[in-house]
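The values are calculated or read from the model by the stated rules, or taken from the named source; none is laboratory data. All of these numbers come straight from a predicted model, not from anything done at the bench. Note that each Cβ is placed from the backbone with ideal geometry, even for glycine, and that neighbours are counted across all protein chains shown.
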Amino acid sequence: MLLTTTGGYAGRDSGYNILMDKSAKIKIAVLRGGPSNEYEVSLKTGSHILSLLRNKPEKFEPLDIFISKDGEWHYGGVVHEPHQALKETDVVWNALHGAYGEDGKVQRILETLGVPFTGSDAITSARAMDKEMSKRLYGRHNLLTPQHELITEDNFTDDNLINIFRTYLHPVIVKPVDGGSSLGVSLAHTFSDLSEAIKHSLEFSKRVMVEEFIKGKEATCGVLDNFRGERVYALMPVEIRKRNHFFNYDDKYSGEIEEICPGNFKLEESQALGELAKKAHDVLGLRHYSRSDFIITPSGKIYILETNSLPGFTEESLMPKSLQAIGCSPDHFVEHVVNLALDR
């Protein structure tokens, strides 16, 4: 790809060279919306990123690209094909969440067009979005993660459910394999709960995970590439206190939970959370930034639940809280990630 000093891209070339005048404004297309259940959250993330980019008009020229629920790309109020919408773009900020934006699909489009973008590439995005695949990789690299069973419409039978019900202590967590924002997640105490929870999760994904419920203190920890002299830098872990036994969609975006940063962790727990978040980032092959969720048991064991390759960045999101705790402004974070995407 050849970027010009005036913005826009000239297609992919064999050397994939970037020629850009660092004194010129960087044209940044912010993708938001999208055909997923996390459409509303993506709109908020995108809006916040646009506002942060507008804080530096001498450096950045943000371009607002709205993607509708049916997948149409809109720029300037007009529907465009992706290559048309991005023709003046130097780099894309991917503010999409969930299906299409976080599972590798939009990344494949951007890779085909040769446009740099924030976040992980197509393959690793798909890997992180698939909770079952992620858990297998965690296990191979000695990251402790809750046991689980995979359910599809094909094996959603009474015999299978009876086997799961007899095997696992109760309650259990039921969640979509490839969902985000805790959509479709339920806590099942009884056999009837289990069946209904699986039916509910199947509305969000063709594959559902029944996972052992680990009781303990909930934590999340973000990481950032090439920051403060470290290849992967761990941000301050956040402690999550909630009204329910698990962190559901309503809790995440209603403001009715308590998010403590820095969390009330022992020094060794904070250090361990940071190292585990960095390891998960590497194990999944992610880039630029990510955030992993954990449970710390009363005995001190730390279980990793999942890793988010594109954590939300609304004003209420967890990532900005972690950045604030280490003295990193959202403006600086955005500029740093843009430079990572441009590899400069």
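Okay, here's what the table says:
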{"item": "Hits in region 305-323 - residues which are in a loop (DSSP other than H, G, I, E, B) and either under 13 Å from the mean Cα position of the chain (by Cα) or under 23 Å from Val174 (Cβ atoms) (or both)", "result": "Ser309, Leu310, Pro311, Gly312, Phe313, Thr314, Ser317"}
{"item": "Test for His281: is it surrounded by fewer than 22 Cβ atoms within 10 Å (Cβ to Cβ), of a type outside the set (Asp, Glu), modelled with pLDDT of 95 or more and not in a loop (DSSP other than H, G, I, E, B)", "result": "no"}
{"item": "Scope region 308-342; condition under 21 Å from Glu111 (Cα atoms) and without any contact (Cβ under 8 Å) to a residue 12 or more places away in the chain; matching residues", "result": "Asn339"}
{"item": "Neighbours by Cβ (under 6 Å, 6+ apart or cross-chain): first from region 119-132, without any contact (Cβ under 8 Å) to a residue 40 or more places away in the chain; second assigned to a helix (DSSP H, G or I) and not charged (D, E, K, R)", "result": "Ala122/Gln107"}
{"item": "Matching residues in region 38-84 - criterion: being without any contact (Cβ under 8 Å) to a residue 12 or more places away in the chain and on the phi > 0 side of the Ramachandran plot", "result": "Gly76, Gly77"}
{"item": "Enumeration of residues in region 64-112 that are out of contact with any strand residue (DSSP E or B) (no Cβ under 8 Å at 6 or more places or on another chain), closer than 25 Å to Glu40 by Cβ and not in a loop (DSSP other than H, G, I, E, B)", "result": "Val78, Lys105, Arg108, Ile109"}
{"item": "Among the residues listed as Arg136, Arg166, the single one being surrounded by fewer than 17 Cβ atoms within 10 Å (Cβ to Cβ), within 23 Å of His288 (Cα to Cα) and of a type outside the set (S, T, N, Q)", "result": "Arg136"}
{"item": "Residue identified as modelled with pLDDT under 95 and crowded, with 21+ Cβ neighbours inside 10 Å among Gly76, Gly179", "result": "Gly179"}
{"item": "Count of region 199-236 residues which are surrounded by fewer than 22 Cβ atoms within 10 Å (Cβ to Cβ), among the aliphatic types (A, V, I, L, M) and within 22 Å of Lys135 (Cα to Cα)", "result": "3"}
